[in-house]
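The values are calculated or read from the model by the stated rules, or taken from the named source; none is laboratory data. Every value quoted in this text rests on a predicted model; they were computed, and no experiment measured them. Glycine gets a Cβ as well: all are built from the backbone with ideal geometry, and neighbour counts include every protein chain shown. Surface accessibility is based on the protein's heavy atoms, side chains included, excluding ligands, DNA and RNA. Shrake-Rupley method; radii C 1.70, N 1.55, O 1.52, S 1.80 Å.
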Amino acid sequence: MSAVVRSVVTGVGAYLPENVVTNHDLSKIVDTNDEWIMARTGIHKRHKAADDQAVSDLAVEAARNALADAGKTPHDVDLIVVATTTPDLTFPATAAIVQRKLGCNVGIAFDVQAVCSGFVFAMTVADGFVARGHAKCALVIGAETMTRLMDWTDRGTCVLFGDGAGAVVLEPGEGQGTNADRGLIGFALRTDGTKQDLLYVDGGPSTTGTVGKLRMQGNQVFRHAVINISEAVVAAAAHAGVDVADVDWFIPHQANQRILAGVAHRLGIDEKKVISTVAEHANTSAASIPLALAEGIADGRVKRGDLLLMEAMGGGLTWGACVVRL
Ligand code: ACO
């Protein structure tokens, strides 16, 4: 079989802002309590960016950690893809700001907007450059300041989200074209724009001229999440030529412990194979998958050579999954 170039994850990094907000803290702002939040979501606490921290600052910290893990410097980077719903500015892209703050050379840098599915979408976009020889050292970053989109009078949404950033370095690696290769080996992406009303932000530059606040029909989103994510997991595994049962670690978008458990139950996955950080981080949208990956590696569960399945659903609705051998 002829050699095939794959996009190999050679470094992983994470960053969480210092400020921690507990469920008890939130109970002083809205009519809620720790018991309700824990029972319905599994969330115990979340991190909140400082007032003077922009999302690019979070992204830069995660990127520095990922580059150090890969043994690379900012000068090696020739592609930056940032998945974010909460950019510093309407333009330029947060990726361009990250490029400047890191001190990278001129290269390719742009953002991907697929809300909570952003990291999965960004991985496949970056793969299009790395696997085709257009980039030798790519940073794929999921970074969010979701707390800036909250309506702090809406207890149905403001308890669910947090801030943070995670990043991976992708480099080309030659494989045999089988699912034993290291790298991104399969994916499935979906968007259904007819479901916009279930989860959206009610502002934007070409409509209200404001940033807006997050609006959600939580129980409807929940119902679609389990069905849609399960379908994408099966489709991505088929594209990669692996069985769902062969996957070593499921690294899901961390929206709600009940969604994680629902998908695992529907697909017959042992919950011990699911990396969960939702209790500590809440929903950090596009950042949640690389944050969970970093945690799984840091605590020694996820190792080089393991078969990983990352999956997500978010506003759009968007959803998808990708299969990566680490
Ligand atoms: N504290 C206390 N009570 C609350 C709170 C709160 N923070 N929020 C809502 N309630 C109340 C409601 O007002 C309602 O009261 P009522 O019966 O008197 O009217 C009651 O709890 C039940 O409300 P529901 O919305 O039906 O509760 P549900 O069991 O659906 O849980 C939740 C709500 C947690 C939002 C759930 O629907 C969910 O997790 N949905 C998925 C949403 C999600 O994760 N979105 C993230 C973006 S998309 C993604 O990442 C997949």
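Relative to the present Cα-Cα distance, how much length would full extension add between VAL20 and GLU231 at 0.36 nm per residue of separation?
Values: separation 211, 0.36 × 211 = 75.96 nm, distance 3.46 nm.
Once the chain is fully extended between VAL20 and GLU231, it gains 72.5 nm.
When only C-alpha pairs under 8 Å and at least 6 residues apart count, what is the relative contact order of segment 183-325, in percent? Display every interim value, and only then the final one.
Numbers: 266 pairs, mean separation 52.6, N = 143.
Worked out over segment 183-325, it gives 37 percent.
Which whole DSSP H helices in the chain pass both tests: a Cα extent of 27 Å or more along the axis and a mean Kyte-Doolittle value no lower than -1.0? Let's see the in-between values first.
Details: long enough: 218-240 (32 Å, 0.66).
Qualifying helices, which must be both long enough and hydrophobic enough, are 218-240.
Keeping all protein chains in place, calculate the accessible area per residue for segment 1-57 (probe 1.4 angstrom), answer in Å². Don't skip to the end; give the middle numbers.
Working: 3030 Å² over 57 residues.
About 53 Å² of surface per residue is accessible.
Give me the number: length gained by fully extending SER2 to VAL106, i.e. 0.36 nm times residue separation minus the C-alpha to C-alpha distance, one decimal in nm. Don't jump to the answer; show the numbers that get you there.
Details: separation 104, 0.36 × 104 = 37.44 nm, distance 3.32 nm.
Length difference between fully extended and current span is 34.1 nm.
Pop a pseudo-label 7 angstrom from the Cα along the beta-carbon direction at both THR207 and GLU174 and give the gap in nm to one decimal.
Going from the THR207 label point to the GLU174 one covers 5.0 nm.
Excluding residues on the same chain fewer than 8 positions from LYS136, give the lysines whose Cα lies under 18 Å from its Cα.
Hits, sequence-local ones excluded: LYS72.
State the percentage of accessible surface on the chain attributable to carbon and sulfur atoms; use a 1.4 Å probe and exclude ligands, DNA and RNA. Write down the numbers at each step before the final one.
Values: 6890 of 13350 Å².
Ligands and nucleic acids excluded, carbon and sulfur reach 52 percent.
Could you work out the relative contact order of segment 119-264, using alpha carbon pairs under 8 angstrom and six or more residues apart, expressed as a whole percent?
Worked out over segment 119-264, it gives 20 percent.
Which peptide among 109-120, 186-197, 271-282, 60-71 comes first, and what is the full order, when sorted by highest mean count of other Cβ atoms within 10 Å?
Numbers: 109-120: 26.5, 186-197: 15.0, 271-282: 19.3, 60-71: 21.3.
For the peptides 109-120, 186-197, 271-282, 60-71, the packing ranking is 109-120, 60-71, 271-282, 186-197.
Can you tell which of VAL140, VAL98, VAL30 shows the greatest fluctuation in a Gaussian network model of the chain with Cα springs below 10 Å?
The residue that fluctuates most here is VAL30.
Cα to Cα, under 24 Å, and not fewer than 8 places away if on the same chain: which lysines meet these conditions relative to LYS213?
LYS213 reaches LYS28, LYS45, LYS48, LYS195.
Over the chain, what per residue volume does the convex hull of the Cα atoms give, in whole Å³? Walk me through the intermediate numbers first.
Values: hull volume 40.0 nm³, N = 326.
Dividing the Cα hull volume of the chain by its residues yields 123 Å³.
Probe of 1.4 angstrom, ligands and nucleic acids ignored: what's the accessible area per residue over segment 238-326, in square angstrom? The partial results should precede the final answer.
Working: 2980 Å² over 89 residues.
Accessible area per residue: 34 Å².
May I ask you to derive the relative contact order of the chain, considering only C-alpha pairs under 8 Å and at least 6 residues apart, and to give it as an integer percent? Mind dumping the intermediate values first?
Values: 849 pairs, mean separation 82.2, N = 326.
RCO, the chain: 25 percent.
May I ask for the distance between the Cα centers of segment 27-62 and segment 242-287, given as a whole number of Å?
So the separation of the two Cα centres works out to 19 Å.
Given the DSSP H assignment, sum -39500 (n - 2.57) over each helix run of at least 4 residues in the chain and divide by its residue total; what's the result at 222 nm in deg cm²/dmol, nearest 500? Please list the in-between numbers first.
Details: 10 runs with 103 residues, N = 326.
Mean residue ellipticity, 222 nm, calculated: -9500 deg cm²/dmol.
If R₀ is 35 angstrom, what is the calculated FRET efficiency for the pair LYS28 and GLN196, using the beta carbon separation as r and rounding to 0.05?
Working: r = 33 Å, r/R0 = 0.95.
After rounding to 0.05, the efficiency reads 0.60.
Using modelled amide H (1.01 Å from N, peptide plane; none on Pro or chain starts), what sits under 5 Å from the amide H of VAL201, excluding residues fewer than 5 places away?
ARG215
Assuming 0.36 nm per residue, please report the length gained on full extension of the stretch THR90 to TRP152 beyond their Cα-Cα distance. Write out the running numbers ahead of the final one.
Working: separation 62, 0.36 × 62 = 22.32 nm, distance 2.29 nm.
Extra length available between THR90 and TRP152 comes to 20.0 nm.
Label-point separation (nm) for ALA261 and ARG40, each offset 7 Å from Cα along Cα-to-Cβ?
Going from the ALA261 label point to the ARG40 one covers 1.6 nm.
How many angstrom lie between the Cα centre of segment 194-225 and the Cα centre of segment 105-168?
18 Å
Mind checking which of ILE43, ILE80, ILE269 has the largest fluctuation in a GNM of the chain, springs on alpha carbons under 10 Å?
Highest fluctuation of the listed residues: ILE269.
Can you pull the one-decimal nm distance between simple spin-label points at ALA50 and ALA245, each 7 Å off the Cα toward Cβ?
5.2 nm
Using the beta-carbon distance between ARG304 and HIS75 and R0 = 25 Å, what value does 1/(1 + (r/R0)^6) give for FRET efficiency, to the nearest 0.05? Please report the intermediate quantities before stating the final value.
Numbers: r = 25 Å, r/R0 = 1.01.
Working from the Cβ atoms, E equals 0.50.
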